[in-house]
């Protein structure tokens, strides 16, 4: 997985966190190949994940919440790509 250079440094912040949190955060980084609204949507989800990981401690519920956030991100990015095709 290629991580956007500007965001890869932000992942270093999570090196001290539980491996499950690290793994979840890695997959929430916006894909640099996305453009337009698709990237905007992915970045909004990333910002949400960062905020949540900042205020919550590691645990099974955080891991599950981040995984579900990733699932939501996938759905929302796909919808954004569908919308772009219609334009």
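If a/c stays under 1.5 just call it rounded; otherwise compare a/b with b/c (prolate if a/b is bigger, oblate if not). Do that for the chain, with a ≥ b ≥ c from the square roots of the Cα gyration tensor eigenvalues. Prolate shape, in that a/c is at least 1.5 and a/b is the bigger ratio.
The long axis of helix 36-55 is offset from the longest Cα principal axis of the chain by roughly 10 degrees. For the chain, modelled as a GNM with alpha-carbon contacts under 10 angstrom, which of 77, 13, 41 fluctuates the most? Its mean-square fluctuation being the largest, the pick is 13. Between residue 44 and residue 81, full extension at 0.36 nm per residue minus the direct alpha carbon distance yields a gain of 11.8 nm. Per-residue ellipticity at 222 nm, computed for the chain from helices alone with -39500 (n - 2.57) per DSSP H run of at least four residues, works out to -23500 deg cm²/dmol.
Label zone (residue 16, point 7 Å along Cα-to-C-beta; backbone nitrogen cut-off 20 Å) within region 55-83: 55-60, 62-63.
Summary value for the chain: 31 percent relative contact order, contacts being C-alpha pairs under 8 angstrom separated by 6+ residues.
Quick note: the coordinates plus some simple rules give every number you see, no bench work behind them. Computed from a predicted structure; not experimentally measured. Virtual Cβ from ideal backbone geometry, glycine too; neighbours counted across all protein chains shown.
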